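Working notes for the structure below.
Every number here is computed from the coordinates shown, using simple stated rules; none is lab data. Everything numeric here is computed off the predicted structure, so don't read it as measured data. For neighbour counting, all protein chains shown are included, and Cβ atoms are generated from backbone atoms with ideal geometry for every residue, glycine included.
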């Protein structure tokens, strides 16, 4: 009888342990689901592709920033030597005028892959003697950040699942 009670007690502990493991697994799965959905939504709402209609913005320091939206046209003062894909559809184009700096940004759809675009812009920066400060390369997202004299350039290339094409964002900051 004593052996039977010990066996029942061991089975109860085993069942309790199994229930705890199951609860822990559910919590981990729900947490992972929440985390990845949150990450996905933050990527989908990336400021590179969200169009804003604000014309007067404030910097973190409270200074006025004047935004000029060029729609699907390349700004006239966008650097002419930066390679742009022939016939590329400009999705977004704008300028930000800070107190002593001006940023111009264009975003376009590309028929080339993320990797091909990365190669084009990495070669361009090297050829034009830009100082590449930071770069990252992967299959679906690549970035290049460089500086030269009184300019900074940020090039972001990513695969847009919605349109099944690469998008290229180029921002030039004149200091």
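Some observations on this one:
- Residues residue 67 and residue 115, FRET efficiency given R0 of 41 Å [Cβ-Cβ distance, rounded to 0.05]: 0.80
- Radius of gyration and maximum dimension Dmax of the stretch 56-174, Cα, Å: 14.5, 40
- In nm, spacing of pseudo-spin labels at residue 131 and residue 86 (7 Å Cα→C-beta vector): 3.6 nm
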